[in-house]
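The values are calculated or read from the model by the stated rules, or taken from the named source; none is laboratory data. A quick note: this is a predicted structure, and the numbers were derived from the prediction, not measured. Note: ideal-geometry Cβ built from the backbone for every residue, glycine included; neighbour counts use all protein chains shown. SASA here: full protein model, heavy atoms, side chains in, ligands and nucleic acids out. Shrake-Rupley method; radii C 1.70, N 1.55, O 1.52, S 1.80 Å.
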Amino acid sequence: MDIKQTILNTVNEWLTPTFDNATQKKIKEMLTSAPNELEDCFYKNLEFGTGGMRGIMGIGTNRINQYTLGKNTQGIANYMHSVFPGKELKVVIAYDCRHNSNTLAKVVADVFSANGIKVYLFSDLRPTPELSFALKHLGCQAGIVLTASHNPPEYNGYKVYWEDGGQLVPPQDNEIIQVIENLKYDEINFVANENLIEYIDKEVDDAFINSTIENASFDTPAEAKDQLKIVFTSLHGTSITSVPETLSRAGYKNVSIVEEQRVPNGDFPTVKSPNPEEPEALTIALALAEKVNADIVIGTDPDCDRLGVAVRNNDGKMVLLNGNQTMILMTAFLLEQWKKAGKINGKQFVGSTIVSTPMMMELASNYGVECKVGLTGFKWIAKMIKDFPELDFIGGGEESFGFMVGDAVRDKDAVAATLLVCEIAAQAKIKGTSVYQSLLELYVEHGFYKEHLISLTKKGIDGLAEINQMMVNLRENPLKEINGERVIMVEDYKTSVAKNLLTGEEEKMEIPKSDVLIYYTADGSKIAARPSGTEPKIKFYVSVNAELESVADFSETEKYLDEKIKNIILGMKLN
């Protein structure tokens, strides 16, 4: 047995009566049969990342289980009592289709109720955006959703939302983490007060769907809705509970649902990954689109906060849009609707992130609207809404296939985004054009920006060390040239310093610290490096751009940009 003493001390703590017999038995078995696996279960505590806490389910401090989530919940309960003295405390809890999500949600509800906090618990699985909506709708101080988004089946997770409906941000996140870290496992109160747990469903569902239609539909004629042929897949996830009904109530009747993926299933049996960022995830939906001659394909991830979209190009072939493209299309459409309604007066903004397409800033500027840019994760866009109440929030997104329409939901919302993209497609089709043509025309007007994501998976203790070393190397040996182009600016979000390499000038960046490096080259290219906050990955985001004189020049210009991206990847040895 070769387990470090510090890890062994933690393991021994989990062999005390605080933990149930099944947990103790499993640990004892692993001590002899799988010491390396046991080490991975205990070598660190699961941490809150950009999207809350995610991890593999199992025993140990580095796993999702009733004790790690119970400790989180006890810490949040203690914190709520300290910051909301004298108030009736209320939380709402939702969960997705993953294995153990329902039982873990009940554990979380039990702990909150044991601490005298009123709990609204969804009676069945629901989309993450509905949790954000329900929190404000029910007047709660906090909300929890049990989900691991698009991670593999062995994962689960725990997202925490605060009273504004957005995920935890500073200072609450660090204050809560401190409370949790100071807790001992034997301080968790698991004994539920069932009188404080109320199950919710249809009434909140109806309010959520009505709000979605109010925020994401824009006077599309009934004839246009009838003409649009939609294929939708929930990829075995929670969106089946709300997206079809939302589209139906909004007037879209011509919807073909992928039956093989309709039933929620935490094994996600028909896909390698239930991630709409991955083209393979939409294979069955694309086949159905050809069969029914659909105009648009939409797929959502398991907790229904991201969406993948495919549309027909100018040759009639189905093509997948990336997250930056859907974000540009939706933002441009919203800006145009606000302009038509005479609602733009300089007191509006759209939101984006530091690793998303710079084209968002070009769009916003063209409409006389501010584009606020924050760290990766929609909690930062939600914080923008909270921090600037004097400004109207139009919409916002990030490259990872998420979008937020208005502020009724303070997180990425694939229910509203699905309806919005159908509005765009329906209005385009009845005018004799298309979503794809609209995108090309935006490139002509604002510049052709093309992005590419490189995601390198590095699992376990060694993988984490490798990721950390890659970031150290990039900082200690900064790139001076990329693809033959001089690096003119480096932004280091860990030190909050932006350095102009031409003048040597340094500028302090007013944005929370994060382990992100961004390089800008003389030809306008942008390359960002960032370890994932929710997966064992390091990600490199490449953005290049060029003028597009006309739609007819699109293919030739795209080849030029593709070659530029390829050379950047080769030059940085990211392939």
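For R475, which of the numbered conditions (1) in contact (Cβ under 8 Å) with a residue 60 or more places away in the chain; (2) assigned to a helix (DSSP H, G or I); (3) surrounded by fewer than 16 Cβ atoms within 10 Å (Cβ to Cβ); (4) touching a strand residue (DSSP E or B) at 6+ places or on another chain (Cβ under 8 Å) fails to hold?
The number of the failed condition is (1).
How do the pairs read when you match residues in region 244-258 that are closer than 17 Å to G299 by Cα and at pLDDT below 95 with residues anywhere that are open to solvent by 40 Å² or more (accessible area, probe 1.4 Å) and assigned to a loop (DSSP other than H, G, I, E, B), using Cβ under 9 Å and keeping only pairs 6 or more apart or on different chains?
Close Cβ pairs satisfying both conditions: none exist.
I'm trying to understand the selection: among the residues of region 522-575, which are of a type in the set (K, R) and open to solvent by less than 40 Å² (accessible area, probe 1.4 Å)?
Result: K526, R530, K539, K564.
Quick check: is even one residue across region 342-349 surrounded by fewer than 24 Cβ atoms within 10 Å (Cβ to Cβ) and closer than 30 Å to F48 by Cβ?
Yes, region 342-349 has at least one match.
Which condition from (1) at pLDDT 95 or above; (2) crowded, with 18+ Cβ neighbours inside 10 Å; (3) outside any strand (DSSP E or B); (4) within 22 Å of the chain's Cα centre (by Cα) is the one that G143 breaks?
Result: G143 passes all but (3).
How many residues are free of Cβ contacts under 8 Å to residues at least 40 places away in the same chain and either in contact with a helix residue (DSSP H, G or I) (Cβ under 9 Å, 6 or more places away or on another chain) or polar (S, T, N, Q) (or both) if we restrict to region 344-367?
Of the residues in that region, 6 qualify.
Looking at region 195-255, what helices (runs of 4 or more DSSP H) fall wholly within it and have at least 1 residues that are in contact with a Pro (Cβ under 7 Å, 6 or more places away or on another chain)?
Qualifying helices (runs of 4 or more DSSP H): none found.
Residues A192, A224, A216: which one is buried (at least 16 other Cβ atoms within 10 Å of the Cβ), more than 24 Å from A417 (Cβ to Cβ) and touching a helix residue (DSSP H, G or I) at 6+ places or on another chain (Cβ under 7 Å)?
A192
Step by step: first the residues of region 538-553, then only those that are more than 30 Å from the chain's Cα centre (by Cα) and either in a strand (DSSP E or B) or touching a residue at least 12 places away in the same chain (Cβ under 8 Å) (or both), then the one that is nearest to V516 (Cα to Cα). Which residue is that?
Restricting to residues being more than 30 Å from the chain's Cα centre (by Cα) and either in a strand (DSSP E or B) or touching a residue at least 12 places away in the same chain (Cβ under 8 Å) (or both), the top hit is E547.
Would you call Y199 of a type outside the set (A, V, I, L, M, F, W, C), out of contact with any helix residue (DSSP H, G or I) (no Cβ under 9 Å at 6 or more places or on another chain) and in contact (Cβ under 8 Å) with a residue 60 or more places away in the chain?
Considered against the rule, which asks whether it is of a type outside the set (A, V, I, L, M, F, W, C), out of contact with any helix residue (DSSP H, G or I) (no Cβ under 9 Å at 6 or more places or on another chain) and in contact (Cβ under 8 Å) with a residue 60 or more places away in the chain, Y199 comes out as yes.
Would you be able to tell me the number of residues in region 287-315 that are farther than 18 Å from S239 by Cα and buried (at least 18 other Cβ atoms within 10 Å of the Cβ)?
Of the residues in region 287-315, 6 are farther than 18 Å from S239 by Cα and buried (at least 18 other Cβ atoms within 10 Å of the Cβ).
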